[in-house]
Amino acid sequence: MTFSDEEKILIKSLHLSKEYNASRLVAEFPDKGWTKRSINRLFQKLRETGTVDRRVGSSKPHSARTEGNIDLFDDLIVSQKDKPGFISPDLWPPNSPDLNPVDYRIWGLTQEHVYKTAVPNVSQLKQRLIDAWSSLSQDVIDDAIDQRQVRLRACVKAKGRHFQYLL
């Protein structure tokens, strides 16, 4: 069951201030359609995290798999098949951060730049991220992209398993 933000606040407030349990909340608000199980899960989250809010980035990942993008991707694959060193997409592991240049190289450099000193607020964080990205040289980006093929080959050699030891 999904609770609205207002319902989460109400449940949290009644639980903390008046010690309402799940049974009492279900009985007091029968029109809401709440279940004891879903309320108890919300209580558990409150105990574990101190909040009933979702964490940033905890939603389902978005997909770029539109019909147009799939067609473009297929055309790209067909155009690359005869090139030396081409690795077919069926050999690519799904969603591997070890194969994404931004994940294995660029983000690490960006973090070093951003977190040299404590970040006092969100606007400062945004500015530091912009500055870090702007300060990356094209050579660093090119090197990260060039590493991708090496990483793909190591991944294939390791049959999709952990492959850092092969690099």
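Things worth noting here:
- Top-ranked residue of the stretch 110-164 - restricted to ones that are within 30 Å of Lys83 (Cα to Cα) and of a type in the set (Val, Ile, Thr), ranked as surrounded by the fewest Cβ atoms within 10 Å (Cβ to Cβ): Val150
- Filter pass, Ile70 being over 30 Å from Ile9 (Cβ atoms) and either surrounded by 12 or more Cβ atoms within 10 Å (Cβ to Cβ) or at pLDDT 80 or above (or both): no
- Selection within the stretch 131-149 - assigned to a loop (DSSP other than H, G, I, E, B) and of a type in the set (S, T, N, Q): Ser137
- Residue check for Val102: within 27 Å of Leu167 (Cα to Cα), assigned by TED's automatic domain parsing to the domain that holds Leu152 and either surrounded by 12 or more Cβ atoms within 10 Å (Cβ to Cβ) or modelled with pLDDT under 65 (or both): yes
- Of the residues making up the stretch 150-167, those that are over 17 Å from Arg105 (Cβ atoms) and in a loop (DSSP other than H, G, I, E, B) number 5.
- Any chance Leu125 is out of contact with any Phe, Trp or Tyr (no Cβ under 7 Å at 6 or more places or on another chain) and at pLDDT 65 or above: yes
The values are calculated or read from the model by the stated rules, or taken from the named source; none is laboratory data. Quick caveat: nothing in here was measured; it's all calculated off a predicted structure. For neighbour counting, all protein chains shown are included, and Cβ atoms are generated from backbone atoms with ideal geometry for every residue, glycine included.
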